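Just below is one structure, and these are the notes that go with it.
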Amino acid sequence: MPDSTDDATSTSTEILAVHDGGDGWGVITTTAPAGDYQSSPCARCPWLRDSPVGAFPPEVFRHSARTTYDLATHKFGCHASTREQPKTCAGFLLRGAAHNLSVRVHGPDATAVSSDRPLYDNYREMAIANGVHPDDPALQQCRDSRAYHDDAPAPAGTAPQPLVPLALVRATRIIRDYIVASVGADHGDEMTSQAQLLASRLAAHGLLATVDTTSRTATSAPAGVIRAFIVESVGEDSGDDMTEQADQLCQQLAAAGLLAYGTYVPVTFTP
């Protein structure tokens with residue numbers, strides 16, 4: 001069962017509360033030795049996109065949503081660990097702990113956790129996939145950061161990496177969601193890579209509100225860049241359909257304030 005765990009400096013654990021999640025499941029809140037965590041998601045971790053949904057009732061995800069609130073002090077525990085030896089979930093550390101105070105203070109170090117399987121982008125997405133209503137009040141305070149280690153210090157002996165501008169991250173997510181909705185299926189990392197590539201291309205053309213847009217001149221209309229990218233990805237030009245898709249995505253990016261000049265220019269298709 002998914003657990004919410006608190007940090008403690010002792011090596012013993014103490015059960016603080018038990019929350020009934022229904023269908024024989026529940027959420028146990030315990031103290032836990034600092035540093036106990038999974039280094040990678042377990043086989044059926046609910047944070048994995050390819051794990052079966054519905055394995056746990058929605059109520060446990062509603063209750064554990066607080067682990068991703070701003071400055072949260074509870075952590076999302078691995079359901080495969082025990083109440084005697086609770087461990088923090090690796091999926092949570094990779095996708096839900098960006099604003100968790102306990103994780104920020106006590107770790108673990110970001111480089112110690114990894115996954116070779118696709119994960120949900122955030123807690124909200126995972127909870128909705130497992131039956132929680134998108135408008136459920138429990139999800140309203142969830143912070144939707146991609147991963148807490150995105151801005152963590154680089155490991156000793158490595159060159160520091162530049163921070164990814166927030167607008168570029170947000171644009172990538174919007175583009176990815178649009179691609180998934182258009183295709184009608186989520187192909188995981190493949191779609192993420194496509195979204196990152198298009199967001200970077202918009203930024204390179206001076207069209208994305210990322211870094212120093214005041215000294216940059218847009219070289220193309222954003223809809224034109226997007227349309228060209230769609231044609232390139234598909235391998236053929238299907239005409240007005242691609243023009244419409246480019247305009248729709250431009251509208252979404254503009255509505256989110258992510259275009260450098262706050263507007264977009266619809267592209268006219270000429271056969």
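The values are calculated or read from the model by the stated rules, or taken from the named source; none is laboratory data. If you're wondering where the values come from, they're calculated on a predicted model, not measured in any experiment. All Cβ positions, glycine included, derive from the backbone under ideal geometry; neighbour counts span all protein chains shown. Note: areas computed on protein heavy atoms with side chains; ligands, DNA, RNA excluded. Shrake-Rupley method; radii C 1.70, N 1.55, O 1.52, S 1.80 Å.
Here are a few things to note about the model shown:
- Selection of segment 77-87 for residues being of a type outside the set (Gly, Ala, Ser) and either open to solvent by 10 Å² or more (accessible area, probe 1.4 Å) or under 14 Å from residue 143 (Cα atoms) (or both) yields 79, 82, 83, 84, 85, 87.
- Matching option when the condition is surrounded by fewer than 17 Cβ atoms within 10 Å (Cβ to Cβ) and at positive phi, among 107, 131: 131
- Within segment 86-108, the residues that satisfy the criterion of being assigned to a helix (DSSP H, G or I) and modelled with pLDDT under 85 are 101, 102, 103, 104, 105, 106.
- Evaluated against (1) closer than 16 Å to residue 47 by Cβ; (2) assigned to a helix (DSSP H, G or I); (3) modelled with pLDDT under 75, residue 145 falls short on exactly one condition, (2).
- The listed residues are 62, 83, and the only one of them that is touching a strand residue (DSSP E or B) at 6+ places or on another chain (Cβ under 9 Å) and either of a type in the set (A, V, I, L, M, F, W, C) or in a loop (DSSP other than H, G, I, E, B) (or both) turns out to be 83.
- Looking only at segment 21-52, and only at residues there that are at pLDDT 85 or above and small (Gly, Ala, Ser), the one that is surrounded by the fewest Cβ atoms within 10 Å (Cβ to Cβ): 43
- Candidates 90, 65, filtered to the one that is under 13 Å from residue 142 (Cα atoms) and open to solvent by less than 10 Å² (accessible area, probe 1.4 Å): 65
- Residue selection: residue 55 satisfies the criterion of being in a loop (DSSP other than H, G, I, E, B), among the hydrophobic types (A, V, I, L, M, F, W, C), modelled with pLDDT under 90 and over 18 Å from the mean Cα position of the chain (by Cα).
- If the condition is being among the β-branched types (Val, Ile, Thr) and buried (at least 19 other Cβ atoms within 10 Å of the Cβ), then segment 170-191 contributes 172, 175, 179.
- Applying the set (1) surrounded by 17 or more Cβ atoms within 10 Å (Cβ to Cβ); (2) of a type in the set (A, V, I, L, M, F, W, C); (3) at pLDDT 60 or above; (4) assigned to a loop (DSSP other than H, G, I, E, B) to residue 230 leaves exactly one unmet item: (4).
- Within segment 58-75, residues that are under 15 Å from residue 129 (Cα atoms) reach partners that are among the charged types (D, E, K, R) and open to solvent by less than 50 Å² (accessible area, probe 1.4 Å) with beta carbons closer than 9 Å, at six or more positions or on different chains, in the pairs 58/136; 62/136; 64/3; 65/136.
- Residue match in segment 103-114 (condition: closer than 16 Å to residue 51 by Cβ and in contact with a Lys or Arg (Cβ under 8 Å, 6 or more places away or on another chain)): no
- Unique residue being modelled with pLDDT of 85 or more, more than 16 Å from residue 206 (Cα to Cα) and exposed (fewer than 11 other Cβ atoms within 10 Å of the Cβ) when the list is 247, 240: 240
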